[in-house]
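I have placed the structure first, in the form of structure tokens, so that the comments after it can refer back to it.
The values are calculated or read from the model by the stated rules, or taken from the named source; none is laboratory data. Everything quoted here is computed from the prediction, not taken from an experiment. Cβ placement follows ideal geometry from the backbone for every residue including glycine, while neighbour counts extend to all protein chains displayed.
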There are 4 protein chains.
Amino acid sequence: MNFASDNVTGACPEVLQAVIDANESGPRMPYGNDAATQAIEARLGDVFDTEVKVLLVATGTAANSLALAALTPPWGAVYCHEEAHIQNSECGAPELFSGGAKLMPLAGPQGKLEAATLEAAIDRSGSVHHSQPAALSLTQSTEAGTLYRPAEISALTQVARGAGLHVHMDGARFANAVAALQCHPADITWKAGVDALSFGGTKNGCLAAEAVVFFRPELAENAAFLRKRTGHLFSKMRLLTAQFEGYLTDDAWLRHARHANAMATRLAEGLEKVPGIALHYPVESNQVFARFPRAVTQKLQAQGFQFYAEMHEGASRLVTAWSTRDEEVDAFLDATRAAADEAAA
Amino acid sequence: MNFASDNVTGACPEVLQAVIDANESGPRMPYGNDAATQAIEARLGDVFDTEVKVLLVATGTAANSLALAALTPPWGAVYCHEEAHIQNSECGAPELFSGGAKLMPLAGPQGKLEAATLEAAIDRSGSVHHSQPAALSLTQSTEAGTLYRPAEISALTQVARGAGLHVHMDGARFANAVAALQCHPADITWKAGVDALSFGGTKNGCLAAEAVVFFRPELAENAAFLRKRTGHLFSKMRLLTAQFEGYLTDDAWLRHARHANAMATRLAEGLEKVPGIALHYPVESNQVFARFPRAVTQKLQAQGFQFYAEMHEGASRLVTAWSTRDEEVDAFLDATRAAADEAAA
Amino acid sequence: MNFASDNVTGACPEVLQAVIDANESGPRMPYGNDAATQAIEARLGDVFDTEVKVLLVATGTAANSLALAALTPPWGAVYCHEEAHIQNSECGAPELFSGGAKLMPLAGPQGKLEAATLEAAIDRSGSVHHSQPAALSLTQSTEAGTLYRPAEISALTQVARGAGLHVHMDGARFANAVAALQCHPADITWKAGVDALSFGGTKNGCLAAEAVVFFRPELAENAAFLRKRTGHLFSKMRLLTAQFEGYLTDDAWLRHARHANAMATRLAEGLEKVPGIALHYPVESNQVFARFPRAVTQKLQAQGFQFYAEMHEGASRLVTAWSTRDEEVDAFLDATRAAADEAAA
Amino acid sequence: MNFASDNVTGACPEVLQAVIDANESGPRMPYGNDAATQAIEARLGDVFDTEVKVLLVATGTAANSLALAALTPPWGAVYCHEEAHIQNSECGAPELFSGGAKLMPLAGPQGKLEAATLEAAIDRSGSVHHSQPAALSLTQSTEAGTLYRPAEISALTQVARGAGLHVHMDGARFANAVAALQCHPADITWKAGVDALSFGGTKNGCLAAEAVVFFRPELAENAAFLRKRTGHLFSKMRLLTAQFEGYLTDDAWLRHARHANAMATRLAEGLEKVPGIALHYPVESNQVFARFPRAVTQKLQAQGFQFYAEMHEGASRLVTAWSTRDEEVDAFLDATRAAADEAAA
């Protein structure tokens, strides 16, 4: 059983079927010059209840980097949490796409930035010697699996706006946040001051599909050129378009996210009851960070359970997905209890 | 009917089925750290009868740019045909990926470079004021649909090698070349002096899959970092891997290419017989360049036939694919004959 | 005697004295935040009879690249003559500074572009697959030592403007052009449609000083950040400022350029009379391109005369400078006559 | 009186005279292809008692960025102190020159890195998701005016070497460090594990001259191309060469650094005796960080004394230079005492 990430599983049935259907749809003009791709933009507009500009890509790194490059000049500074994916796990992609923007990592409890920290960090000197404040990037749900409430986002974006920053949201796990917060997608994006969203599909039922959603269309003006020159414009765009067709239809994206979240809750509730094991972060979406005795970890891994052990501050990470089954969670809990008992003996 | 390109159609059944199967294959570690992806590298080694290093990506622009970036430093010069895709149709992607390499477009008849032209063009001054000769890029089959014979490639790569250049082949339509030349894939790649190949899948039956194949493994050493930082490392690598599984099994790739080539031949042979219409380039693979009277073009387009009219030197381009049917070709020929008769009347 | 270039000599007395004086001027705030540097901007405004924004740098490559980067996005295309310095002699600097703009080299007689050539070359497709038309770069005086007349510049910039291009002028030898054309500096710059000028000092009496002059201030807005992040912002800006103080005072720049031009004329008139030697381009400024019999070239070089032999289309290049003396020209002519006689004997 | 920085003053007499002399030295081949420039490389070899490769540039940002770009690939990570100039004051230049290397700022007391901090920070995962450990950059003397002893440098470079990192030293104030430590220049560079040094001239008597000194010649191999394509290759190289001629002759560089250090000591000793004023960092070279009551600061600035007030952690910075005179220091101390008395009254 594999709790290493929500990307270890395949596509959900709705997405796969949409790809199959699109494949049979006859000739389509390439590079997104087809009606279905245009329709996806309109559908995302419906999801967010506002006009949007959309670029589909296949990876989260591409989505984040394209979005950020649209929000910052090469001499811009991008403020983000020090645990952010753009800072730690993209091998410099945002810098490459933007032509040199500088990430400014900031600390914050439980994977979240605080408005006061941002306020204090922004360089308002205007000095040519420093990268110039250009953007704020928030991750929702965060790398710690925690969530920003709408008011928290607004507090941050208000600081950002006051300093002339654009705001990006890395929503690789955006669906999990919307599902958990039971809010409207608009509430934690444009209504809270977000300009561009990396709307993730891959981790929640797609095979490889992310949408860069611009809530201020003028920011998207040049993104199409950058998508092309970074090699992210698909000729058979139907592959990406179809995934989003399946993902959005009948709110499959929210249904799957709710399921993944529920599996995480089940897992967390079970773990909490095991002596010697403690949750490290509040479990608010589909990630569980917990501290295990090392002997327990080793025993579990020896039995074939996969997860990132002692990934962060001694805590191990377990991630649930659209495809995680009750039995898998329960099997993990059973094994953990047994290992903990043994370790305690 | 759509002859605009070989990318207007979907995936072939073998590829689609492989994607479906892979999707059901249970958890796989992400980012290519799975057995199936490793196996693809070995299978491509079998195809080329030598050890290879392989990076899978989803677009031809990504494949070309990754390959070239591995062959040239930022201050390098890349010699290519003036009609090359890397020069004309990638919006500066090779320059971006390589950190600044300069393309040096050269003329040549029928879409092909000649060894003497390359020889004369290479800057051997070593001067710090000029980009330094670093790579040669050939397209096979060419943008004109023509083919380099093994000896022609060797003549070019010998010049390149003599000047210290690495050699790249843009094989977006590589399958069509192998099928048409009835040669072994090795004969027009590493045995003829090619160091890295963009081995195209998308135009010949995949949805979005290209393999960067390095015949000299040491050249691939750093390509994985660049793939990541350009956003081209897929978490659910199964999507790309499976496409190549389907593409290579039972030589589906060659079977489809042979079919596409045959359709182009059928089309060309038909067009040649129509008074007032002349082929512009020899038809050697799956692209037909022909000069139509404008009235004929307009008539055909009005009837819904899609192709690039007067794309190059007054010639229109028609491309056939794995999915092109005899009846489609014949319908186009019938319509053309009728339009030509009418125009002549 | 050295006719290899106008950069083989030192600074003229006016410039050197200004540097000496500035050195004694007491503390000055660094990075151009001093009154003298601000004054230079105003003085250049007087020279051009319009408001200008100015950035001082130390090399022509930096000046050209900074200017171009202000005029084009990373996905822009820059049209230029195929012999242009930016295309051939800057090792990709314009591409680096601009984050990837693509140079589009065009042919043209005697080092000059023609409006019709530009008109035909501009890609108006708007296609995301191509670098987008962004700028025209003209060299005045040209690499061939020839000159654009005001009307020729206007014809070119009108085409450019019609296609939405900004216009740059590489004026490494701008002074020689103004001196030769006996025009006002405005006539061949902003009044003729030029947006930004690399106003050269180094080749005409400075040690290392070039001014990027923006005639449309809004284009300069971000250039200061790029100057900094390319390492071209001098802390002791007095070094650059002083050179321009000396260069502009009492029109030293024009006086020196007139002298250099006169020396070239003297040289050309002498060479024309030598049997077997032919001028290759009209001699309009301070560069002489002439075809010498190889025996004559070898004899001259053996005697220590320095110049670029058979640099271009078989023609050798001789460049005169502010410091070239009559006797040097005459000595070269004497030696040439003797060598030609001997070769003919 | 201006204590804002050591770059507010002009060139020392030795340097200025050398420039004047070089200006009269007759024609020299451009771009460093002259005997004097080659000789400077040999002289720097003598200074460091080992073979070196040298590139002269005009700014510290260019020197640091060129050096770092030679030590790291675009996907490399560069560890440095969080107060380092490369991190805070170069507007992203190292990132631009290196094509994307990522700076990893680390904390450390008194402007200095500690080996254990470096050891803990180095990412040894080899994961393609992270920038790869490539270089360590130390500043000597530091931004806090403090010094690394040879053994401290060795301890750091040993960690670096163990992880495969190259080592750069930002020596914008290198002379002050050598003078203060009374060591041989080799002791704190190559003998202590440094691969490349930005050897500063500008802040210590030059107008605009820095030498990138490579102690491992193979690392310099490609730096010349980057120097050209970043616009830092001077045609009249005599300007840079001559400055270093004057700077090195009769150890002018060390004499001036000793003087500047002595002035800082005089200043610090005086300030320490003033009630209410405290030194913030140990004064080891030519920078004094001290905490002044705000009323005192305001009084001093109103009298025309220039320095960066409350620049860092509430401490103000005063910098002395080769040209600082005893009387200037004493005048500042007198004024400070008076202001402090008044404030206390």
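Return the residues of the range D:222-236 that are within 9 Å of chain C (Cβ to nearest Cβ) and assigned to a loop (DSSP other than H, G, I, E, B); say none if nothing qualifies.
Across the range D:222-236, the qualifying residues are D:230, D:231, D:232, D:233, D:234, D:235, D:236.
Would you check if there is a residue in the range B:149-160 being hydroxyl-bearing (Ser, Thr, Tyr) and within 12 Å of the chain's Cα centre (by Cα)? Quick ask: steps written out before the conclusion?
The first filter runs over the range B:149-160 and keeps only residues hydroxyl-bearing (Ser, Thr, Tyr), leaving B:154, B:157.
Going one step further and asking which of them are within 12 Å of the chain's Cα centre (by Cα), we end up with none.
Scanning the range B:149-160, I find no residue that is hydroxyl-bearing (Ser, Thr, Tyr) and within 12 Å of the chain's Cα centre (by Cα), so the answer is no.
What number of residues within the range C:1-48 are without any contact (Cβ under 8 Å) to a residue 40 or more places away in the chain, within 12 Å of chain D (Cβ to nearest Cβ) and either among the β-branched types (Val, Ile, Thr) or within 29 Å of residue C:260 (Cα to Cα) (or both)?
Residues in the range C:1-48 being without any contact (Cβ under 8 Å) to a residue 40 or more places away in the chain, within 12 Å of chain D (Cβ to nearest Cβ) and either among the β-branched types (Val, Ile, Thr) or within 29 Å of residue C:260 (Cα to Cα) (or both): 2 in total.
Name, by its number, the condition in (1) buried (at least 24 other Cβ atoms within 10 Å of the Cβ); (2) outside the structural domain of residue B:157 (by TED's automatic domain parsing) that does not hold for residue B:86.
Only one criterion is unmet by residue B:86, namely (2).
Quickly run through the range A:263-319 and pick out the residues that are among the β-branched types (Val, Ile, Thr) and either in a helix (DSSP H, G or I) or not assigned by TED's automatic domain parsing to the domain that holds residue A:333 (or both). Spell out how you get there, then give the answer.
The initial filter retains those residues of the range A:263-319 that are among the β-branched types (Val, Ile, Thr), namely A:265, A:274, A:277, A:283, A:288, A:296-297, A:319.
Matches in the range A:263-319: A:265, A:296, A:297.
Considering only residues that are closer than 15 Å to residue B:213 by Cα, touching a helix residue (DSSP H, G or I) at 6+ places or on another chain (Cβ under 6 Å) and among the aliphatic types (A, V, I, L, M), which ones fall in the range B:8-46? Walk me through how you get there before you give the answer.
Applying the first criterion (closer than 15 Å to residue B:213 by Cα) to the range B:8-46 yields B:37-46.
Retained after the next criterion (residues that are touching a helix residue (DSSP H, G or I) at 6+ places or on another chain (Cβ under 6 Å)): B:37, B:40, B:43.
Across the range B:8-46, the qualifying residue is only B:40.
Taking residue C:203, is it within 9 Å of chain D (Cβ to nearest Cβ), touching a Cys at 6+ places or on another chain (Cβ under 6 Å) and in a helix (DSSP H, G or I)?
Values: within 9 Å of chain D (Cβ to nearest Cβ): yes; touching a Cys at 6+ places or on another chain (Cβ under 6 Å): no; in a helix (DSSP H, G or I): yes.
Criteria not met by residue C:203.
Restricting attention to the range C:108-135, which residues are out of contact with any strand residue (DSSP E or B) (no Cβ under 8 Å at 6 or more places or on another chain) and free of Cβ contacts under 8 Å to residues at least 60 places away in the same chain?
First, the residues of the range C:108-135 that are out of contact with any strand residue (DSSP E or B) (no Cβ under 8 Å at 6 or more places or on another chain): C:109-110, C:114-116, C:119-120, C:125, C:127-129.
Across the range C:108-135, the qualifying residues are C:109, C:114, C:115, C:116, C:119, C:120, C:125, C:127, C:128, C:129.
Matching residues to (1) under 30 Å from residue C:323 (Cβ atoms); (2) out of contact with any strand residue (DSSP E or B) (no Cβ under 7 Å at 6 or more places or on another chain); (3) of a type in the set (S, T, N, Q); (4) touching a residue at least 12 places away in the same chain (Cβ under 8 Å):
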position	(1), (2), (3), (4)
C:159	no, yes, no, yes
C:166	no, no, no, yes
C:183	yes, yes, no, yes
C:188	yes, yes, no, yes
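For residues in the range D:29-61 being of a type in the set (A, V, I, L, M) and over 17 Å from residue C:207 (Cβ atoms), which is farthest from the chain's Cα centre (by Cα)?
Just the residues of the range D:29-61 that are of a type in the set (A, V, I, L, M), to begin with: D:29, D:35-36, D:39-40, D:42, D:44, D:47, D:52, D:54-58.
Those left that are additionally over 17 Å from residue C:207 (Cβ atoms): D:35, D:39, D:42, D:44, D:47, D:52, D:54-55.
On the way: D:35: 28, D:39: 23, D:42: 22, D:44: 17, D:47: 17, D:52: 19, D:54: 17, D:55: 16 Å.
Among those that are of a type in the set (A, V, I, L, M) and over 17 Å from residue C:207 (Cβ atoms), it is D:35.
Within the range C:148-155, can one find any residue that is within 20 Å of residue A:226 (Cα to Cα) and touching a strand residue (DSSP E or B) at 6+ places or on another chain (Cβ under 7 Å)?
Taking the range C:148-155 first, the residues within 20 Å of residue A:226 (Cα to Cα) are none.
Checked the range C:148-155: no residue is within 20 Å of residue A:226 (Cα to Cα) and touching a strand residue (DSSP E or B) at 6+ places or on another chain (Cβ under 7 Å).
Please find, among C:343, C:331, C:290, C:339, the residue that is surrounded by fewer than 21 Cβ atoms within 10 Å (Cβ to Cβ) and touching a helix residue (DSSP H, G or I) at 6+ places or on another chain (Cβ under 6 Å).
C:343
Can you say whether residue B:193 is of a type outside the set (Val, Ile, Thr), in contact (Cβ under 8 Å) with a residue 24 or more places away in the chain and touching a His at 6+ places or on another chain (Cβ under 8 Å), as far as the supplied structure shows?
Values: of a type outside the set (Val, Ile, Thr): yes; in contact (Cβ under 8 Å) with a residue 24 or more places away in the chain: yes; touching a His at 6+ places or on another chain (Cβ under 8 Å): no.
When the stated conditions are applied, residue B:193 does not pass them.
Yes or no: residue D:113 under 17 Å from the mean Cα position of the chain (by Cα), at pLDDT 95 or above, more than 8 Å from every other protein chain (Cβ to nearest Cβ) and crowded, with 20+ Cβ neighbours inside 10 Å? Talk me through it step by step, then tell me what you get.
On the way: under 17 Å from the mean Cα position of the chain (by Cα): yes; at pLDDT 95 or above: yes; more than 8 Å from every other protein chain (Cβ to nearest Cβ): yes; crowded, with 20+ Cβ neighbours inside 10 Å: yes.
The answer is yes for residue D:113.
Is the range D:273-290 home to any residue that is without any contact (Cβ under 8 Å) to a residue 24 or more places away in the chain, more than 14 Å from every other protein chain (Cβ to nearest Cβ) and farther than 25 Å from residue D:139 by Cβ?
Filtering the range D:273-290 for residues without any contact (Cβ under 8 Å) to a residue 24 or more places away in the chain gives D:273, D:278-279.
Now restrict to residues that are more than 14 Å from every other protein chain (Cβ to nearest Cβ): D:273, D:278-279.
If we keep only those that are farther than 25 Å from residue D:139 by Cβ as well, we get D:273.
Checked the range D:273-290: at least one residue is without any contact (Cβ under 8 Å) to a residue 24 or more places away in the chain, more than 14 Å from every other protein chain (Cβ to nearest Cβ) and farther than 25 Å from residue D:139 by Cβ.
Looking at C:175, C:192, C:209, C:179, which one is closer than 29 Å to residue C:120 by Cα and in the same structural domain as residue C:239 (by TED's automatic domain parsing)?
Values: C:175 fails: closer than 29 Å to residue C:120 by Cα; C:209 fails: closer than 29 Å to residue C:120 by Cα; C:179 fails: closer than 29 Å to residue C:120 by Cα.
It is C:192.
Rundown of residues vs (1) assigned to a loop (DSSP other than H, G, I, E, B); (2) surrounded by fewer than 24 Cβ atoms within 10 Å (Cβ to Cβ); (3) on the phi > 0 side of the Ramachandran plot, yes/no style:
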site: C:136; (1), (2), (3): no, no, no
site: C:146; (1), (2), (3): yes, yes, no
site: C:152; (1), (2), (3): no, yes, no
site: C:197; (1), (2), (3): no, no, no
site: C:207; (1), (2), (3): yes, no, no
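In the range D:162-171, is there at least one residue being within 15 Å of residue D:65 (Cα to Cα), more than 19 Å from the chain's Cα centre (by Cα), more than 14 Å from chain C (Cβ to nearest Cβ) and at pLDDT 95 or above? Full working, then the answer.
Start the filter on the range D:162-171 by keeping residues that are within 15 Å of residue D:65 (Cα to Cα), which leaves D:166-171.
Filter once more, so that each one left must be more than 19 Å from the chain's Cα centre (by Cα): none.
Looking through the range D:162-171, none of the residues is within 15 Å of residue D:65 (Cα to Cα), more than 19 Å from the chain's Cα centre (by Cα), more than 14 Å from chain C (Cβ to nearest Cβ) and at pLDDT 95 or above.
Is it the case that some residue within the range B:134-146 is within 30 Å of residue B:252 (Cα to Cα) and within 14 Å of chain C (Cβ to nearest Cβ)?
yes
Any residue that is assigned to a loop (DSSP other than H, G, I, E, B) and either at pLDDT 95 or above or in the same structural domain as residue A:313 (by TED's automatic domain parsing) (or both) - is there at least one of those in the range A:56-67? Spell out how you get there, then give the answer.
Filtering the range A:56-67 for residues assigned to a loop (DSSP other than H, G, I, E, B) gives A:58-59.
With either at pLDDT 95 or above or in the same structural domain as residue A:313 (by TED's automatic domain parsing) (or both) added as a condition, the list becomes A:58-59.
Yes, the conditions are met somewhere in the range A:56-67.
Considering the range B:217-226 alone, what residues qualify as being surrounded by fewer than 24 Cβ atoms within 10 Å (Cβ to Cβ) and not small (Gly, Ala, Ser)?
Passing the criteria: B:217, B:218, B:219, B:221, B:222, B:225.
What number of residues within the range B:81-107 are within 14 Å of chain A (Cβ to nearest Cβ), under 25 Å from residue B:205 (Cα atoms) and touching a residue at least 60 places away in the same chain (Cβ under 8 Å)?
Residues in the range B:81-107 being within 14 Å of chain A (Cβ to nearest Cβ), under 25 Å from residue B:205 (Cα atoms) and touching a residue at least 60 places away in the same chain (Cβ under 8 Å): 2 in total.
State the number of residues belonging to the range C:221-263 that are modelled with pLDDT of 95 or more and over 20 Å from residue D:59 (Cα atoms).
Step one: of the range C:221-263, the residues modelled with pLDDT of 95 or more are C:223-263.
Right, trim to over 20 Å from residue D:59 (Cα atoms) and you get C:245-263.
The total comes to 19.
Out of everything in the range A:237-261 that is touching a Leu at 6+ places or on another chain (Cβ under 9 Å) and part of a helix (DSSP H, G or I), what residue ends up being farthest from residue A:11 (Cα to Cα)?
The first filter runs over the range A:237-261 and keeps only residues touching a Leu at 6+ places or on another chain (Cβ under 9 Å), leaving A:237-241, A:243-244, A:246, A:248.
In the following step, the residues that additionally are part of a helix (DSSP H, G or I) were identified as A:238-241, A:243-244, A:246, A:248.
Values: A:238: 16, A:239: 13, A:240: 13, A:241: 14, A:243: 9, A:244: 12, A:246: 10, A:248: 14 Å.
So, considering only residues that are touching a Leu at 6+ places or on another chain (Cβ under 9 Å) and part of a helix (DSSP H, G or I), the one farthest from residue A:11 (Cα to Cα) is A:238.
Only one residue in C:219, C:240, C:248, C:156 is of a type in the set (A, V, I, L, M, F, W, C) and within 14 Å of chain D (Cβ to nearest Cβ). Which one? Quick ask: steps written out before the conclusion?
Details: C:219 fails: within 14 Å of chain D (Cβ to nearest Cβ); C:248 fails: within 14 Å of chain D (Cβ to nearest Cβ); C:156 fails: within 14 Å of chain D (Cβ to nearest Cβ).
One residue alone meets the criteria, C:240.
Within 11 Å of chain A (Cβ to nearest Cβ), buried (at least 24 other Cβ atoms within 10 Å of the Cβ) and either in contact with a strand residue (DSSP E or B) (Cβ under 9 Å, 6 or more places away or on another chain) or assigned to a helix (DSSP H, G or I) (or both), is that true of residue B:78?
no
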